[in-house]
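Chemist: The following block contains the structure, expressed as structure tokens.
Quick note: the coordinates plus some simple rules give every number you see, no bench work behind them. Remember, it's a predicted structure, so these values are computed and weren't measured experimentally. Cβ placement follows ideal geometry from the backbone for every residue including glycine, while neighbour counts extend to all protein chains displayed.
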Amino acid sequence: MSLLEKTKVGNLELNNRIIRSALWMCMADKEGRLTPQLYKVYEELLQGGIGLILTGYAMVDQYDRPNPGMMGIYDDSFIEEHRKLVDIAHANHTPIVLQIAMGGVQSFHPDLDSHRQWGPSSFTNKVTGKTAREMSKEDISKMIGLFTEAAKRAKKSGYDGVELHGAHGYLLSQFLTPACNQRTDEYGGSLENRARVFIELIQSIKSELGAEFPVFVKMNHDDYMDKGEGLVVEDAIQVAKLLEGSGVDMIEISGVNETSGKGIGPARTKINKPELQSYYLEPTKQIADAVDIPVILMGGNRDFKRLEDIATNTKIKFFSIARPLLAEPDLINKWKKNPEYKPLCVSCNGCYREGEVGCVLRERACNRSIDNK
Ligand SMILES: Cc1cc2nc3c(=O)[nH]c(=O)nc-3n(C[C@H](O)[C@H](O)[C@H](O)COP(=O)(O)O)c2cc1C
């Protein structure tokens with residue numbers, strides 16, 4: 001199966017089946033305003049042949065900022081600056097979807113200015129040492145309202161859809177994670193209850209913006225926590241079915257609840273052997289087999305021929321890529337010319353650093369001899 005032909009998800013046209021996975025660039029200003037550097041990064045990416053862009057996560061609430069330098073979409077004054085970004089993407093014939101997120105108590109921001117510290121229950125985030133304040137039902141309605149208003153602004157800006165960040169231990173995903181959600185009301189306990197915020201949120205966005213407005217969800221297949229504490233793949237399959245039933249258009253499968261403090265993240269390092277690539281393949285296959293909506297395989301996708309094989313032999317037909325596009329924004333064009341081309345990215349995570357995100361390898365003139373390759 002060719003990955004590089006035009007395709008559709010619902011009514012949304014994609015240039016091809018390779019999607020840029022969300023990348024927070026730490027380039028917005030303190031308020032979340034988009035800066036010239038940020039536009040430049042996207043302009044460069046848009047020259048490189050990508051099928052669809054998922055933006056870095058954007059704040060839906062002024063008082064909830066999981067990371068510094070995130071883009072904002074928390075009031076109407078952001079619409080124009082996002083429209084400028086969307087116009088750049090559309091001028092390059094590429095769809096662009098805004099990822100929206102809340103961190104709640106999971107905030108890695110050193111000078112956290114969040115006054116909410118929300119969580120489904122009162123639990124302590126092992127990474128930040130902060131304890132969540134259990135949300136009331138009014139808080140939950142408010143959270144759904146904040147996301148919905150942000151989605152409305154995204155549509156007004158011209159975005160082709162929104163992706164809800166429901167993975168990695170951020171606020172939405174905390175509802176799915178038993179260790180973070182000990183509620184005894186309709187938002188806790190059974191999996192149906194723990195997934196309820198997602199369902200209500202998707203329904204809220206769809207009822208405001210129309211069923212055709214694309215809503216994607218990024219979700220964990222496993223929280224990688226101690227037994228009984230986290231979501232596992234059997235749960236994730238059920239969640240994916242519930243999301244499908246609620247009208248979601250596409251799901252991207254990630255992993256790891258970063259609140260666990262185990263030090264592993266969804267962006268694995270040292271992918272230096274073919275068998276370490278596409279590291280969420282098996283659980284993503286299981287989830288794709290259980291639903292009819294498109295499912296995106298994420299994490300460690302590095303070999304184009306291998307991705308073609310996966311698309312030919314499984315129900316997985318979409319692939320997202322993040323770090324290699326920091327090293328080579330034109331990677332997809334390189335694959336178009338030569339499907340055997342090996343990306344430069346060595347998954348060293350040097351891109352996570354103080355200040356702006358960027359590829360250290362690229363900055364060091366793409367020195368391939370970095371020691372973990
Ligand atoms: C610097 C950096 C920023 C990231 N920002 C986001 C983000 O804003 N939202 C998100 O869902 N994932 C984010 N991720 C995770 C990526 O989307 C992706 O899931 C992960 O890097 C694995 O894919 P890869 O092996 O292709 O890089 C980020 C990863 C990195 C390295």
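Chemist: Under Stokes-Einstein, with the Kirkwood radius over Cα pairs standing in for Rh, what whole-number D in µm²/s applies to the chain at 37 °C and 0.692 mPa s?
Modeler: 160 µm²/s
Chemist: Another question, if that's okay. Pull up all non-local amide H partners of residue 254: gap of 5 or more, or a different chain, and H-to-H distance under 5 Å with H placed in the peptide plane.
Modeler: Placed amide hydrogens put 219, 220, 221 under 5 Å from residue 254.
Chemist: A follow-up question, please. Going by how many other beta carbons lie within 10 Å of each one, how would you line up 90, 165, 82, fewest first? Mind dumping the intermediate values first?
Modeler: Numbers: 90 14, 165 27, 82 23.
By the 10 Å Cβ count, ascending, the order reads 90, 82, 165.
Chemist: Take the cross-link list 273/305; 130/241; 84/152; 6/241; 40/84 and give me the ones stretching past 22 Å between alpha-carbons.
Modeler: With Cα atoms farther than 22 Å apart: 130/241; 6/241.
Chemist: I'm checking a number: the convex hull volume of the Cα atoms of the range 33-143, normalised per residue, in Å³. What is it?
Modeler: Taking only Cα atoms, the range 33-143 has a hull volume of 123 Å³ per residue.
Chemist: Considering the chain as a Gaussian network with a 10 Å cut-off on Cα pairs, which listed residue, 255, 189, 158, attains the greatest mean-square fluctuation?
Modeler: The residue that fluctuates most here is 189.
Chemist: From the convex hull of the Cα coordinates of the range 1-48, what is the mean projected area in square nanometres?
Modeler: With the hull built on Cα positions only, its mean projection is 4.6 nm².
Chemist: Equivalent-ellipsoid semi-axes (√(5λ), Cα gyration tensor) for the range 240-288, whole Å, largest first?
Modeler: Computed over the range 240-288, the values are 25, 16, 8 Å.
Chemist: Right, next: When a footprinting reagent is the concern and you count Cβ atoms within 10 Å, what order do 164, 276, 12 take, fewest first? Intermediate results must be reported in sequence, preceding the final value.
Modeler: Details: 164 29, 276 14, 12 18.
Least to most surrounded, the residues fall as 276, 12, 164.
Chemist: What is the range 99-196 by shape, rounded, prolate or oblate, if you read a ≥ b ≥ c off the alpha carbon gyration tensor as root eigenvalues and call it rounded for a/c under 1.5, prolate for a/b larger than b/c, and oblate otherwise? Don't jump to the answer; show the numbers that get you there.
Modeler: Details: a/c = 1.90, a/b = 1.30, b/c = 1.47.
Cα axes put the range 99-196 in the oblate bin.
Chemist: Related question: Which three lengths, in whole Å and largest first, does the range 44-109 cover when its Cα atoms are put on their principal axes?
Modeler: For the range 44-109, the Cα extents along the three principal axes come out at 37, 23, 15 Å.
Chemist: Once every Cα of the range 236-357 carries one equal point scatterer and solvent is ignored, give the base-10 log of I(q)/I(0) from the Debye formula at q = 0.09, 0.15, 0.19 Å⁻¹, two decimals.
Modeler: Summing over Cα pairs of the range 236-357 leads to -0.28, -0.77, -1.12.
Chemist: Taking amide H positions as placed 1.01 Å from N in the peptide plane, with prolines and chain starts having none, which residues 5 or more places from residue 58, or on another chain, fall under 5 Å of its amide H?
Modeler: Amide H neighbours of residue 58, under 5 Å, 5+ apart: 99, 100, 101.
Chemist: Using the Cα gyration tensor of the range 202-293, with a ≥ b ≥ c the square roots of its eigenvalues, what is the shape: rounded (a/c below 1.5), prolate (a/b larger than b/c) or oblate (neither)?
Modeler: On the way: a/c = 2.05, a/b = 1.75, b/c = 1.17.
Taking the square roots of the gyration eigenvalues as a ≥ b ≥ c, the range 202-293 is prolate.
Chemist: Return 363, 200 ranked ascending by Cβ neighbour count within 10 Å, so the fewest neighbours appear first. Can you show the working numbers first?
Modeler: Numbers: 363 11, 200 17.
Exposure proxy ranking, most exposed first: 363, 200.
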